[in-house]
Amino acid sequence: MVFICIWLFATFFATGMSLDNGLARTPPMGWLTWIRFACNTDCDYDPNFCISEKLIKEMADHMVQDGYKDAGYEYVCIDDCWLAKERDENHRLQPDPKRFPNGIKHLADYVHSKGLKLGIYEDFGTKTCAGYPGSEFYMQLDAQTFAEWGVDLLKFDTCHSDAHDNKEGYPAMSMYLNQTGRPILFSCEWPYGELQQNLSSDYGPVRKYCNVWRNYWDVLDDFQYVKNIVKFYGDNNALFQKYSGPGGFFDPDQVIVGGIGMSHYQQRAQLAMWAMFSAPLMMSNDLRDIQNEARELLLNKYIISVDQDPLGAMATRVWVAQTE
Ligand SMILES: *[C@@H]1O[C@H](CO)[C@@H](O)[C@H](O)[C@H]1NC(C)=O
Ligand SMILES: *[C@@H]1O[C@H](CO)[C@@H](O)[C@H](O)[C@H]1NC(C)=O
């Protein structure tokens with residue numbers, strides 16, 4: 001079944017208060033490891049594709065060399081699987097020593113030297129989704145650690161937790177991040193955790209404590225997933241519009257332009273829809289090896305300017321046609 005939708009721009013303004021850290025005045029743009037590199041930790045067998053300092057540095061280099069930074073892509077983000085299996089003797093998080101031999105501070109310095117920002121990942125529960133140490137019971141210490149390392153964005157996942165706790169836990173982490181004094185963009189999976197456990201979400205508090213928030217299932221490099229997300233955003237359009245605006249944005253997940261699972265026209269459709277949602281544009285692809293047409297699409301200044309509209313207003317779905 002194919003959905004043909006027509007979307008228009010509305011002039012709704014987000015009503016709720018947004019997180020007051022000066023960040024995400026327009027939707028954040030950057031790159032994230034997950035869809036393309038997932039939890040590949042085998043650097044012996046796969047040195048060019050494992051989650052490592054080398055991979056992040058190479059992506060940062062390409063973001064600058066190939067025009068992405070000039071187009072507005074700013075955050076280079078590591079998802080799950082960067083951690084060592086245990087905290088250190090002072091209970092601090094530490095990266096895997098083999099894959100991040102110089103530590104995260106060094107990597108942040110490198111990324112900053114390119115004029116970019118570094119994003120990192122943790123989880124609200126006892127473990128991350130892939131089983132690395134989670135932040136439960138250590139949120140304050142972890143916020144301090146990230147700030148000391150010079151991290152600029154935290155994606156805070158929701159595995160191994162009870163989503164009933166999200167409405168206390170995510171505001172607590174937001175407060176600890178604030179107390180570090182370092183502006184750190186807070187990317188939450190709070191409503192997504194609630195969705196997974198069949199709880200309803202109250203976007204007022206989410207907008208107050210998070211800069212961006214996932215609220216639906218993961219995207220994959222397959223157009224069916226993109227269509228499901230577009231339908232969910234369309235079906236909930238009137239509600240979501242009220243909470244999208246400077247300081248806080250809905251996150252329909254990563255941009256798969258440059259992958260292998262979607263045709264070029266499907267990739268165009270994804271990017272266009274994400275731009276109309278005022279969504280974060282976090283690419284997950286291999287910038288070292290990307291088709292020219294995908295790169296040109298990602299750098300399309302007209303699409304980016306729709307996404308980066310300073311009003312941050314989400315478009316309105318006005319018509320849906322279903323065809324076989
Ligand atoms: C912390 O919150 C206060 C009050 O909302 C805000 O003025 C300040 O800029 C925030 N600081 C950081 C680092 O986010
Ligand atoms: C949520 O609802 C779905 C569909 O009704 C069900 O399959 C799933 O087990 C429920 N999950 C929880 C955590 O209750």
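Among the chymotrypsin sites (Phe, Trp or Tyr not before Pro) within segment 88-153, those in coil by DSSP and having at most 12 neighbouring Cβ atoms inside 10 Å are Phe137. Rounded to the nearest 20 debye, the dipole magnitude of segment 2-323 is 820 debye, with +1 charges on Lys and Arg beta carbons, -1 on Asp and Glu beta carbons, and the Cα centre as origin. The HN-Hα couplings worked out from phi for segment 97-109 by the Karplus form 6.51 cos²θ - 1.76 cosθ + 1.60 (θ = phi - 60°) are x, 7, 8, 10, x, 9, x, 7, 4, 4, 5, 4, 4 Hz, whole numbers, x standing for Gly and Pro. Sort segment 67-135 into rounded, prolate or oblate with this rule: let a ≥ b ≥ c be the square roots of the eigenvalues of the Cα gyration tensor; rounded if a/c is under 1.5, and if a/c is not under 1.5, prolate when a/b is larger than b/c, oblate otherwise. Prolate, since a/c reaches 1.5 and a/b exceeds b/c. Extension gain for Ala84-Val320 works out to 80.2 nm (0.36 nm per residue, less the C-alpha to C-alpha distance). Where the alpha-carbon atoms of the chain are placed on the principal axes, they occupy 58, 43, 34 Å, in descending order. Close amide-amide hydrogen proximity is noted between Gly134 and Lys127, Thr128, each under 5 Å apart and 5 or more residues distant or on a separate chain (H modeled in the peptide plane; Pro and chain starts excluded). If you plug each phi of segment 206-216 into the Karplus form 6.51 cos²θ - 1.76 cosθ + 1.60 with θ = phi - 60°, what whole-Hz ³J(HN,Hα) values come out, in order, with x for Gly and Pro? Calculated HN-Hα couplings, in order: 4, 5, 6, 10, 10, 8, 9, 8, 6, 9, 8 Hz. Dipole of segment 2-323 (Lys/Arg Cβ +1, Asp/Glu Cβ -1, origin at the Cα centre): which of Tyr243, Trp319, Ser161 lies farthest to the positive side? Farthest along the dipole direction, towards plus: Trp319.
Separation of the alpha carbons by more than 31 angstrom is noted, of Lys57/Lys208; Lys167/Lys242; Lys57/Lys231; Lys54/Lys167; Lys85/Lys231; Lys105/Lys242, for Lys57/Lys208; Lys57/Lys231; Lys54/Lys167; Lys85/Lys231; Lys105/Lys242.
Report summary: the helix-based calculation at 222 nm, which adds -39500 (n - 2.57) for every DSSP H run with n ≥ 4 and divides by the residues of the chain, gives -10000 deg cm²/dmol. Between segment 53-116 and segment 215-278, the C-alpha centres lie 26 angstrom from each other.
Heavy atoms of the protein chains alone define the surface here; on that basis segment 2-323 has 42 Å² accessible area per residue at 1.4 Å probe size. Counting only DSSP beta bridges with both residues in the chain, the antiparallel share comes to about 30 percent. Rolling a 1.4 Å probe over the protein heavy atoms of the chain, with every protein chain left in place, gives an accessible area that is 52 percent carbon and sulfur. Residue-wise HN-Hα couplings along segment 268-276, as the Karplus relation 6.51 cos²θ - 1.76 cosθ + 1.60 with θ = phi - 60° gives them from phi, are 4, 4, 4, 5, 5, 5, 4, 5, 6 Hz; Gly and Pro carry x.
The values are calculated or read from the model by the stated rules, or taken from the named source; none is laboratory data. Here the structure is a predicted model, which is why all the values come from computation and not from measurement. So basically every Cβ, Gly included, is an ideal-geometry build from the backbone, and we count neighbours across all protein chains shown. Ligands, DNA and RNA are excluded from the accessible area calculation, which covers all protein heavy atoms including side chains. Shrake-Rupley method; radii C 1.70, N 1.55, O 1.52, S 1.80 Å.
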